[in-house]
Amino acid sequence: MGPMAEGPAEGGTAGVALMRGVPPTLERCVLTYREREPIDLVRAAAQHAAYADLLRSLGLEVRELAADPALPDCCFVEDMAIVLDEAALLAMPEAPSRRGEIPAVEAALERFRPLERTPLPATLEGGDVLRLGRRLFVGRSARTNEAGIARLVAFAEPLGYRVLPVPVTGCLHLKSAVTALDDERVLANPSWIEMSAFAGLGVVPVAPEEPGAANVLRVGGLVVAHPGFPRTLERLSALGYAVRTLDVSEFLKAEAALTCKSLLFRA
């Protein structure tokens, strides 16, 4: 999810959730670390609708773009932009098959933010950018290269953000391995990323038997999590977090997770 996962509805500020419909071609999505397996499109659509309903129930204005069957990954809008309070940076996906997703997201965002672009050879995906306050952690991954990190620095540092690169070794995106619980604590799988950039922050490790549990969505005072990681969820509840479960099992098959399905930002 774009860096507003760090919560439009939390302080009572009106928030927007940009989503995009589930294409009938979702099974043809780009995969890197997972084996391809059948996706139940009816169930995926129901999970997508429940996700949108939850965001609406938390007071967000959900704006949903139409799915495009020519773009199997198009429902994973997080990757297409980094939306800050001051401006938005349009991303540049590593996979050429995903670059056609940018125009619809650009058209949806232009009424809310000044927009900048990420030109090739830079590649940068929103799933690699995690915001905590005025810090932007960016994954150096299979999807985001050095030129993409440099583009983020050039965009964000003049706005007063500090950009902190993080090597990603065991998963697709940075936010496959770490997401924010609040502005001072993260949930992480330390075996998938280099953790030194997070020095000084509280780190809650996922349960060892649940390596994929680190992607949660922080919004509206809740930590929204997939129910398939019960031991990690027990850790969060024991720390006092208000945890709400939301099944995204069909999207896990597409190498996605909770934050991937929306761009959240203050209106």
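The values are calculated or read from the model by the stated rules, or taken from the named source; none is laboratory data. Since the model is a prediction, treat every value here as computed from it, not as a measurement. Don't worry about glycine lacking a Cβ; one is built from the backbone with ideal geometry, like all the others, and counts go over all protein chains shown. Note: areas computed on protein heavy atoms with side chains; ligands, DNA, RNA excluded. Shrake-Rupley method; radii C 1.70, N 1.55, O 1.52, S 1.80 Å.
Restricting the search to the stretch 184-203, which residues are exposed (fewer than 14 other Cβ atoms within 10 Å of the Cβ) and either touching a helix residue (DSSP H, G or I) at 6+ places or on another chain (Cβ under 8 Å) or not hydroxyl-bearing (Ser, Thr, Tyr) (or both)? Quick ask: steps written out before the conclusion?
So in the stretch 184-203, the residues exposed (fewer than 14 other Cβ atoms within 10 Å of the Cβ) come out as 184, 196, 199-200, 202.
Within the stretch 184-203, GLU184, ALA199, GLY200, GLY202 qualify.
Which of (1) touching a Pro at 6+ places or on another chain (Cβ under 9 Å); (2) without any contact (Cβ under 8 Å) to a residue 12 or more places away in the chain; (3) among the basic types (Lys, Arg) does ARG143 not meet, given it meets every other one?
(2) is the only condition that ARG143 fails.
Being in contact with a helix residue (DSSP H, G or I) (Cβ under 6 Å, 6 or more places away or on another chain) and open to solvent by 60 Å² or more (accessible area, probe 1.4 Å) is true for just one of GLU37, GLU86. Which residue is that?
Unique residue meeting the criteria: GLU86.
Can you name the residue in the stretch 71-102 that is among the β-branched types (Val, Ile, Thr) and assigned to a strand (DSSP E or B) and is also farthest from the chain's Cα centre (by Cα) among such residues?
Of everything passing the filter in the stretch 71-102, VAL83 is farthest from the chain's Cα centre (by Cα).
Which one is nearest to ALA81 (Cα to Cα) among residues in the stretch 220-267 that are charged (D, E, K, R) and in a strand (DSSP E or B)?
Among those residues, the one meeting the criterion is ARG266.
Per-residue answers, yes or no, for (1) open to solvent by 10 Å² or more (accessible area, probe 1.4 Å); (2) assigned to a loop (DSSP other than H, G, I, E, B); (3) modelled with pLDDT under 95; (4) over 23 Å from ALA180 (Cα atoms):
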| position | (1), (2), (3), (4) |
| --- | --- |
| GLY12 | yes, yes, yes, no |
| PRO24 | yes, yes, no, yes |
| LEU31 | yes, yes, yes, yes |
| ALA46 | yes, no, no, yes |
| LEU54 | yes, no, no, no |
| PRO69 | yes, yes, no, yes |
| GLU106 | yes, no, no, yes |
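Kindly establish whether ARG111 is outside any helix (DSSP H, G or I), of a type in the set (Lys, Arg) and either without any contact (Cβ under 8 Å) to a residue 40 or more places away in the chain or open to solvent by less than 50 Å² (accessible area, probe 1.4 Å) (or both). Quick ask: steps written out before the conclusion?
Details: outside any helix (DSSP H, G or I): yes; of a type in the set (Lys, Arg): yes; either without any contact (Cβ under 8 Å) to a residue 40 or more places away in the chain or open to solvent by less than 50 Å² (accessible area, probe 1.4 Å) (or both): yes.
Against the criterion (outside any helix (DSSP H, G or I), of a type in the set (Lys, Arg) and either without any contact (Cβ under 8 Å) to a residue 40 or more places away in the chain or open to solvent by less than 50 Å² (accessible area, probe 1.4 Å) (or both)), ARG111 qualifies.
For the stretch 142-175, name all the residues that are closer than 26 Å to LYS253 by Cβ, open to solvent by less than 20 Å² (accessible area, probe 1.4 Å) and assigned to a loop (DSSP other than H, G, I, E, B).
Once the filter is applied, which keeps residues that are closer than 26 Å to LYS253 by Cβ, open to solvent by less than 20 Å² (accessible area, probe 1.4 Å) and assigned to a loop (DSSP other than H, G, I, E, B), the stretch 142-175 yields ARG143, THR144, CYS171, LEU172, HIS173.
Looking only at residues in the stretch 195-218 that are β-branched (Val, Ile, Thr) and part of a loop (DSSP other than H, G, I, E, B), which one is farthest from VAL243 (Cα to Cα)?
Selected residue: VAL206.
Does the stretch 176-188 contain any residue that is in contact (Cβ under 8 Å) with a residue 24 or more places away in the chain, of a type in the set (Gly, Ala, Ser) and not in a helix (DSSP H, G or I)?
Within the stretch 176-188, one or more residues are in contact (Cβ under 8 Å) with a residue 24 or more places away in the chain, of a type in the set (Gly, Ala, Ser) and not in a helix (DSSP H, G or I).
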